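In what follows, a structure is listed as structure tokens, so that the remarks can point back to it.
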Amino acid sequence: MNASAGLRDALAGIFAAGAYSVDPAETLVYGYDNSRRQAAPDAVVFPTAHDEVVALVAACRRLGVPIVARGRGTNTTGATVPVAGGVVVSFERMNRIVEIDPANRLAVVEPGVLNGALQAALAPHGFFWPPDPTSSPYCTIGGNLACNSAGPRAVKYGAPRENTLGLRAVAGTGEDFRCGYRTTKGATGYDLTRLLIGAEGTLALITEATLKLTPLPGARRLLRATYTTIQSAALAVSRIMAQPVVPCALEFLDDEALRLARAHGGDAIPVAGAMLLIEADGEPDTLAASVDAIARAARGEGLIELVAANDAAEADALWAARKALSPALRSIAPMKINEDVVVPVSRVPELIGGLKAISARHAIPIVNFGHAGNGNIHVNLLYRPEDAAQAAAAPDCLAAVFDLVLALGGTLSGEHGIGLVKREFLPRALDATSLALMRRIKAQFDPDGLLNPGKLLPD
């Protein structure tokens with residue numbers, strides 16, 4: 001697509017030279033995300049201030065031009081792909097940490113701040129922001145908020161919705177507003193903050209966030225538990241979460257995930273039917289008792305070995321192997337359908353067993369790993385597009401996965417969002433009244449349907 005003369009003039013009136021582009025050779029690289037989907041935008045802009053975003057939305061509304069917010073493109077559902085063209089708003093230059101306020105346990109940041117950079121800035125103050133996606137070194141806070149992306153620590157500390165106090169944003173009408181508080185308590189009006197988080201940029205463009213901080217724990221300990229079968233590991237997850245001590249991470253890896261981790265440098269990964277990585281944190285004088293309680297729950301039928309990491313280096317090596325899994329899956333099959341379904345923790349054993357049966361029935365390899373402590377399993381369907389039988393079976397296999405998840409009382413996404421790839425399945429997960437209410441909310445924030453069109457809500 002090519003930008004119209006009106007759009008080019010509008011952008012030139014808002015942004016300095018070098019802060020926008022309408023050159024197709026430059027804009028195309030902003031038309032993709034980690035879903036491997038791609039579409040060409042008409043323009044890309046690089047705002048550095050809230051007022052530029054306000055002016056941009058007003059101009060795009062006047063011209064009828066779609067707007068798609070973008071962080072660093074780590075999303076796996078196509079949520080940042082500009083399927084209707086328009087303007088991609090890359091927030092990479094709005095990357096200031098505006099304020100760190102230890103006394104009130106908050107930080108104010110712009111959306112382009114990298115998750116990892118924020119954690120590094122907070123650590124000297126003795127705090128952290130709990131959401132920690134696998135992509136934390138290069139994903140942005142704005143992207144985390146857009147998809148409510150969490151990571152392993154969510155089992156104890158919650159996702160972005162539980163760790164965000166307030167937002168500044170620009171609605172699709174061009175109106176700018178603030179919502180939320182600088183306090184941890186507030187009961188004044190509707191909670192627009194939680195509404196915008198997870199909305200995938202379909203309601204408003206977030207330009208600033210006030211984040212709730214948590215003190216860094218004094219100590220942490222990582223346990224590695226291996227099991228003879230996937231089912232015995234899944235049952236251990238239920239036992240661990242049924243006792244009072246909450247781990248700060250509880251990760252599940254099935255046999256295929258373990259094999260892959262070993263093949264990609266995970267020398268510390270043993271041969272087993274399944275493995276749990278269980279991390280506990282707290283103060284040094286109480287941590288031992290917490291670890292003992294978790295270890296007792298982890299023991300049971302099928303346990304091969306339960307060991308603690310000897311030091312931080314060994315723990316880091318185990319975590320590195322876990323975090324390398326998602327990109328390494330591309331080495332098995334060039335096409336990966338990457339889902340992040342969630343079921344109640346007590347139903348995890350049924351989910352894992354059901355996924356194995358679906359894999360066998362459709363002859364599609366499925367690799368499972370993820371945040372088992374809150375029932376959030378990353379289900380990876382792997383196939384080769386040149387294999388006609390596999391390519392034909394993949395859609396039915398995915399539908400069977402979603403049917404299983406919903407039958408177990410679960411939902412379609414825990415942290416990746418809906419984007420392009422799951423929107424057609426949303427009517428299976430939500431009733432007609434809920435969908436109608438969501439469409440009416442969308443119409444209030446974005447009456448012209450210009451914010452991230454074609455995403456989240458089905459047609």
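The values are calculated or read from the model by the stated rules, or taken from the named source; none is laboratory data. Values in this document were obtained by computation on a predicted structure and should not be read as measured data. Reconstructed Cβ throughout: ideal geometry from the backbone, glycine too, with neighbour counts over all protein chains shown.
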Margin query: Could you check the stretch 419-459 and list, in sequence order, the residues that are touching an Asp or Glu at 6+ places or on another chain (Cβ under 7 Å) and buried (at least 17 other Cβ atoms within 10 Å of the Cβ)?
Written below: Gly419, Asn452, Lys455, Leu456
Notebook entry, point to check: Which ones in the stretch 233-287 are touching a residue at least 60 places away in the same chain (Cβ under 8 Å), in a helix (DSSP H, G or I) and charged (D, E, K, R)?
Noted result: Arg239, Glu256
Next item on the list: Could you tell me which residue of the stretch 204-243 is surrounded by the most Cβ atoms within 10 Å (Cβ to Cβ), considering only residues that are over 30 Å from Gly449 (Cα atoms) and of a type in the set (S, T, N, Q)?
Entry: Thr226
Checklist line | Condition broken by Val341, with the remaining ones in (1) surrounded by fewer than 22 Cβ atoms within 10 Å (Cβ to Cβ); (2) in contact (Cβ under 8 Å) with a residue 60 or more places away in the chain; (3) closer than 26 Å to Thr76 by Cα; (4) in the same structural domain as Ala393 (by TED's automatic domain parsing) satisfied | finding: (1)
Notebook entry, point to check: If you take the residues of the stretch 63-76 that are over 15 Å from Pro111 (Cα atoms) and modelled with pLDDT of 95 or more, which of them is surrounded by the fewest Cβ atoms within 10 Å (Cβ to Cβ)?
Noted result: Gly64
Notebook entry, point to check: Which of the residues that make up the stretch 31-52 are within 22 Å of Pro453 (Cβ to Cβ), of a type outside the set (S, T, N, Q) and outside any loop (DSSP other than H, G, I, E, B)?
Noted result: Tyr32, Ala43, Val44, Val45, Glu52
Next item on the list: Take Ser35 and decide whether it is within 30 Å of Met335 (Cβ to Cβ) and at pLDDT below 95.
Entry: yes
Margin query: Please count how many residues of the stretch 5-20 are surrounded by fewer than 21 Cβ atoms within 10 Å (Cβ to Cβ) and under 31 Å from the mean Cα position of the chain (by Cα).
Written below: 3
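Matching residues to (1) modelled with pLDDT under 95; (2) hydroxyl-bearing (Ser, Thr, Tyr); (3) within 22 Å of Thr77 (Cβ to Cβ):
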{"position": "Arg93", "(1), (2), (3)": "no, no, no"}
{"position": "Asp101", "(1), (2), (3)": "no, no, no"}
{"position": "Gln119", "(1), (2), (3)": "no, no, no"}
{"position": "Leu122", "(1), (2), (3)": "no, no, no"}
{"position": "His125", "(1), (2), (3)": "no, no, no"}
{"position": "Ser136", "(1), (2), (3)": "yes, yes, yes"}
{"position": "Gly142", "(1), (2), (3)": "no, no, yes"}
Next item on the list: Read through the list (1) of a type outside the set (A, V, I, L, M); (2) in a loop (DSSP other than H, G, I, E, B); (3) surrounded by 24 or more Cβ atoms within 10 Å (Cβ to Cβ), then give the number of the only condition that Cys60 fails.
Entry: (2)
Next item on the list: Say whether the condition of being over 30 Å from Asp311 (Cβ atoms), out of contact with any Leu (no Cβ under 7 Å at 6 or more places or on another chain) and crowded, with 24+ Cβ neighbours inside 10 Å is met by at least one residue in the stretch 177-200.
Entry: yes
Checklist line | Cross-chain or 6+ apart pairs with Cβ under 6 Å, the stretch 1-12 first and at negative phi, then assigned to a helix (DSSP H, G or I) | finding: Gly6/Leu63; Leu7/Leu63; Ala10/Ala59
